[in-house]
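> Please find one structure pasted underneath; my questions will follow.
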There are 2 protein chains.
Amino acid sequence: MMRPADWRDKLRLYVVTDERPDADSLLSAVAAALAGGATAVQLRRKQDLGRRFVELGRAVRKLTREHGALFLVNDRVDVAFLVEADGVHVGQDDIACRDARRILGPDAIIGVSAETLAEARQAERDGADYLGVGAVFPTGSKPDAGLTGMGGLREIMRSVNVPVVAIGGITADNAAEVLACGVSGIAVVSAVMSAADPRAAAARLRTLVDEARAARA
Amino acid sequence: MMRPADWRDKLRLYVVTDERPDADSLLSAVAAALAGGATAVQLRRKQDLGRRFVELGRAVRKLTREHGALFLVNDRVDVAFLVEADGVHVGQDDIACRDARRILGPDAIIGVSAETLAEARQAERDGADYLGVGAVFPTGSKPDAGLTGMGGLREIMRSVNVPVVAIGGITADNAAEVLACGVSGIAVVSAVMSAADPRAAAARLRTLVDEARAARA
Ligand code: NI
């Protein structure tokens, strides 16, 4: 499957799903996020077994295609392959970047989570297409995630050349500070998925990203 | 990767790993089981993330190759691909048989767990190469597994044509009764993995299988 030519541009508002058990509710929130302007969706389902993960993945693939958004699957490379995702996002303990590419092929977009400068540099050497860097701020979605902080993010931005998506506790209130570091985009879970109006929340964040990128250009 | 010509014959003593955290201990037990006569190993690691699962898988692939044994990976089709397993074993909630084959190719050996006659017939229609049927007896290894029982096993044996490996609570004391049903092999977890001497335990079970198959021929 071909990588979209403008995939880097589609990292700008990157929504990661939560683990809610109800599929209809999950897909409604994803559809609302896309309608509001999310440019990428990562399906993250640590609790689901393969069959259900594939079912959800096929549904999210349909939604993201309708909106021209990127679709990444968290962790499960087999699921990413089967649902024709644009790629996979792997953590430090997941299947290695190069191994993921052996399954998905050279056009797959492979993102790697990096908490520290050392992890970020290693991921770049390993051929990651983008880095998910964080947590930038403390977060309730992944309470076990290490804190990179704004200082860590700035250090990584000075040291790597691959696109960086910042993640962890990003909201409309602190997005401008994050975007000022020169990141390609911001990733959010609860700021969109748990919002009373996920569409409006995505639209507000998308405006902030677009304004920051316009000011930078 | 080519399917071994005698793969059906290698279903006879099928050892499924336990979830012990220590890799050295796990690999020692697998090596002992193979030395004792295990003809197939299934690596089942529900607690491990992808990177570690791949590491263990590569080690088990090496051991099984040295002994000419089959190697199946439980659940994770991506891991099965990366470690060059002979195939994958999937449960009813895992990636579907046909989807697994899309990743692994036509030569991969795909086993499907079946607890009931309906599941067994469906798995055969879906193109499963063999069925793992059970639990034949109550078991501590998978306390949540449904009980198929000897009656259920006999019914399935009359109704499907694919090879059947019986699993669940099988020991040297009840193996003859199971083998008399005409199964291609028996699968065990604790009877070998938790044995004081896994090599001797595997050797004893292997003798029982070989005797039963010789008597049948
Ligand atoms: Ni829509």
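> For the full complex of protein chains and a 1.4 angstrom probe, list A:Ile167, B:Ile186 by accessible area with the highest value first.
The ranking, largest first, comes out as A:Ile167, B:Ile186.
> Tell me, Kirkwood radius of the protein assembly as shown from alpha-carbon pair distances, in Å?
23.1 Å is the Kirkwood radius here.
> State the percentage of accessible surface on the protein assembly as shown attributable to carbon and sulfur atoms; use a 1.4 Å probe and exclude ligands, DNA and RNA.
After summing per-atom areas, the C and S share lands at 50 percent.
> Taking each full run of DSSP H in chain B as one helix, which ones are at least 18 Å long along their axis (Cα atoms) and have mean Kyte-Doolittle hydropathy of at least -1.0?
B:23-36, B:50-66, B:198-216
> Also, quick follow-up: Any idea what the dipole of the protein assembly as shown comes to, in debye rounded to 20, about its Cα centre with Lys/Arg Cβ at +1 and Asp/Glu Cβ at -1?
About 640 debye.
> Using the Kirkwood radius built from alpha carbon pairs, what does the Stokes-Einstein equation give as D for the stretch B:7-108 at 20 °C and 1.002 mPa s, in µm² per second?
159
> Run lengths n ≥ 4 of DSSP H only: what is the helix-derived mean residue ellipticity at 222 nm for chain B, with -39500 (n - 2.57) per run over all residues, to the nearest 500?
Here the helix-only value at 222 nm equals -12500 deg cm²/dmol.
> Quote the charge dipole size of the stretch A:74-115 about the Cα centre in Debye, to the nearest 20; the model charges only the Cβ of Lys and Arg (+1) and of Asp and Glu (-1).
Result for the stretch A:74-115 is approximately 160 debye, rounded to the nearest 20.
> Rg(Cα) of the stretch A:145-213 divided by 2.2 N^0.38 Å?
It is 1.10.
> Could you tell me the accessible area of A:Glu177 in Å² (1.4 Å probe, neighbours in place), rounded to the nearest ten?
Accessible area, nearest 10 Å²: 80 Å².
> In addition: So how exposed is A:Phe71, as accessible area in Å² (1.4 Å probe, rounded to 10)?
Here the accessible area works out near 0 Å².
> Something else about it: Hey, got the dipole for the stretch A:1-76? About the Cα centre, +1 on K and R Cβ, -1 on D and E Cβ, debye to the nearest 20?
280
> Separate question: Any idea what the B:Gly105 label distances to the other copies are, label 7 Å down the Cα→Cβ vector, nm, shortest first?
Ordered by increasing distance: 1.6 nm.
> Calculate, for the stretch A:112-217, the solvent-accessible area per residue in square angstrom, rolling a 1.4 angstrom probe over the heavy atoms of the protein chains.
45
> Distance between Cα centroids, the stretch B:88-115 to the stretch A:29-59: provide it in whole Å.
If we compute the Cα centre of each part, the gap is 23 Å.
> Here is a follow-up. Taking the Cβ of A:Gly36 as the centre, find all other residues whose Cβ is under 12 Å away and add up their charges (Lys, Arg: +1; Asp, Glu: -1).
With Lys, Arg at +1 and Asp, Glu at -1, the neighbours total +2.
> Here is a follow-up. How many lysine pairs are close in the protein assembly as shown, with Cα atoms under 22 Å apart and the two 8 or more places apart or on different chains?
9
> So, one more: How big is the B-A contact in terms of buried accessible area, both chains counted, 1.4 Å probe, rounded to the nearest 100 Å²?
Counting both chains, the buried surface is close to 1900 Å².
> Still on this structure, please answer the following. May I ask which residue of A:Ser190, A:Gln47, A:Ala108 lies farthest towards the positive end of the charge dipole of chain A, with charges of +1 (Lys, Arg) and -1 (Asp, Glu) on Cβ and the Cα centre as origin?
A:Ala108
> Oh, and also: Between A:Glu19 and A:Arg3, how many nm apart are label points set 7 Å from Cα along the C-beta direction?
In this crude label model, A:Glu19 to A:Arg3 measures out at 3.1 nm.
> Kindly sort B:Arg65, A:Arg12 by accessible area of their heavy atoms, largest first, with the probe set to 1.4 Å.
Ranked list, largest accessible area first: B:Arg65, A:Arg12.
> Put simply, what bits of the stretch A:33-52 lose 40 Å² or more of accessible area when the other protein chains are there, versus the chain on its own (1.4 Å probe)?
Buried by the other chains: A:Leu49, A:Arg51.
> With a 1.4 Å probe and all protein chains kept in place, how much accessible area does B:Asp197 have, in Å² rounded to the nearest 10?
Rounded to the nearest 10, that gives 80 Å².
> For the stretch B:40-177, state what percent of all Cα-Cα pairs lands in each successive 10 Å bin, counting from 0 Å until the bin that includes the largest distance.
P(r) over the stretch B:40-177, rounded to whole percents: 12, 40, 36, 11, 0.
> Provide the net charge surrounding A:Asp99, with neighbours chosen by a C-beta distance below 9 Å and charges set as Lys +1, Arg +1, Asp -1, Glu -1.
That sum, taken over residues with Cβ under 9 Å, equals +3.
The values are calculated or read from the model by the stated rules, or taken from the named source; none is laboratory data. No experiment lies behind these values; they were computed from the predicted model shown. We place every Cβ from the backbone using ideal geometry, glycine too, and count neighbours over all the protein chains shown. Side chains included, ligands, DNA and RNA excluded: accessible areas come from the protein's heavy atoms. Shrake-Rupley method; radii C 1.70, N 1.55, O 1.52, S 1.80 Å.
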